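This report concerns only the one structure given below.
The values are calculated or read from the model by the stated rules, or taken from the named source; none is laboratory data. Just so you know, these numbers come straight off a predicted model, no measurement behind them. All Cβ positions, even for glycine, are placed from backbone atoms using ideal geometry, and neighbour counts span all protein chains on display.
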Amino acid sequence: MHGLGNSYIYVDMFKETLLEEELPLLAIKVANPYTGVGSDGMILICPSEVAPVKMRVFNNDGSEAKNCGNGLRCVAKFAYEHGYVDSQTFQIETLGGLVEATVHLEKEQVQTVTVDMGLPRLERKSLPMVGNEQETVISETFIVNSEQLEVTAVSMGNPHAIFFVDNIQEAPVETLGPVIEKDPRFPEWVNVEFVEVVSTNELNFRVWERGSGVTQACGTGACAAVVAAILNGYSTKGQDVVVHLLGGDLTINWKEDGHVWMTGAAETICEGIFLRK
Ligand SMILES: N[C@@H](CCC[C@H](N)C(=O)O)C(=O)O
């Protein structure tokens, strides 16, 4: 399945049994475009004790992440269309906590999904980012490869470093992205986003994802970008902001109550059997 081209191989753990220790290598194998299926990683759709369904996310380097916005929309679509939930609004457990998803239907098929992504966390310890644990990181000077940038750091359950740029076409995604991803100031590494402000309700966005590299879209990253834009005075809370990603658009709203809402597409590509060797 994919959300705006951010593709994962989804495994239905209501039916499959996998050993915990084989998961990282399996993610690497299925994600390989030459000897596997090819994807940004692997997502497990699991039974949960606290919600109808639980999501586990593995990047294509085998590392496990705590959250995935595009993955949540696809898990919601899968759970609804496979009858694992009995209403259009339901909770999904993630390693980052519980979120609420609402599926929107056309002819009984889920086309788009809205997810209450919860509260962004801004203190350094929630990323984590080195420095005073309680401090926030808003437009802080960040020198990398002798270049002086300004970073805003936001956790959406997973860590994001956001850099505002004048022109998205010239954003150094593939050059600085991998360097910042593994910068020691982020001990658990970080997702790196470059954002161009088009207007108060429109952003252009490119991402270098932790553990996966350049992807077509990042749902948690788009949420973090809107939070960062508001923290930096480019936009305001309580309005829809359209984020243009390589794979399409997401609508994000950081509401007055502090919750971030994300709406966007979820699509099934194919279903099949992966032969494990
Ligand atoms: N593509 C995702 C995020 C996947 C996890 C991320 N690479 C991490 O390691 O935190 C999204 O849509 O949010």
Residue set 102, 89, 114; condition hydroxyl-bearing (Ser, Thr, Tyr) and within 16 Å of the ligand (Cβ to nearest atom); output residue 114
If I ask for residues that are within 10 Å of the ligand (Cβ to nearest atom) and on the phi < 0 side of the Ramachandran plot, which ones from the stretch 1-18 would you list?
3, 6, 7, 8
Residue 88 is checked against (1) at pLDDT 95 or above; (2) in contact with an Asp or Glu (Cβ under 9 Å, 6 or more places away or on another chain) and fails just one. What number does that condition carry?
(2)
Checking residue 131 against (1) at pLDDT 95 or above; (2) surrounded by 16 or more Cβ atoms within 10 Å (Cβ to Cβ), which single condition isn't satisfied?
(2)
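Determine whether residue 126 is in contact with a strand residue (DSSP E or B) (Cβ under 6 Å, 6 or more places away or on another chain) and within 16 Å of the ligand (Cβ to nearest atom). Walk me through it before giving the result.
Values: in contact with a strand residue (DSSP E or B) (Cβ under 6 Å, 6 or more places away or on another chain): yes; within 16 Å of the ligand (Cβ to nearest atom): yes.
So residue 126 passes the test.
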Could you grab the pairs with beta carbons closer than 6 Å, sequence gap of 6+ or different chains, first residue in the stretch 255-268 and surrounded by 19 or more Cβ atoms within 10 Å (Cβ to Cβ), second one in a loop (DSSP other than H, G, I, E, B) and of a type in the set (A, V, I, L, M)?
260/117; 262/117
Restricting to the stretch 192-244, name every residue that is more than 20 Å from residue 150 (Cβ to Cβ), out of contact with any Ser or Thr (no Cβ under 9 Å at 6 or more places or on another chain) and of a type in the set (A, V, I, L, M).
214, 217
Of the residues that sit in the stretch 84-120 and are hydroxyl-bearing (Ser, Thr, Tyr) and surrounded by 14 or more Cβ atoms within 10 Å (Cβ to Cβ), which one is farthest from residue 264 (Cα to Cα)?
84
Here is a list: 57, 53. Which entry is within 25 Å of residue 121 (Cα to Cα), crowded, with 22+ Cβ neighbours inside 10 Å and in contact with a Pro (Cβ under 8 Å, 6 or more places away or on another chain)?
53
Return the total of residues in the stretch 212-221 being near the ligand (Cβ under 8 Å from one of its atoms) and hydrophobic (A, V, I, L, M, F, W, C).
2
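Which one of 65, 31 is within 9 Å of the ligand (Cβ to nearest atom), farther than 16 Å from residue 101 by Cβ and either of a type in the set (A, V, I, L, M, F, W, C) or outside the structural domain of residue 109 (by the TED database) (or both)?
After applying the criteria, what remains is 65.
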For the stretch 43-80, give me each residue that is free of Cβ contacts under 8 Å to residues at least 60 places away in the same chain, charged (D, E, K, R) and under 21 Å from residue 264 (Cα atoms).
54, 56
Hits in the stretch 191-208 - residues which are more than 12 Å from the ligand (Cβ to nearest atom) and within 15 Å of residue 172 (Cβ to Cβ)
194, 195, 196, 204, 206
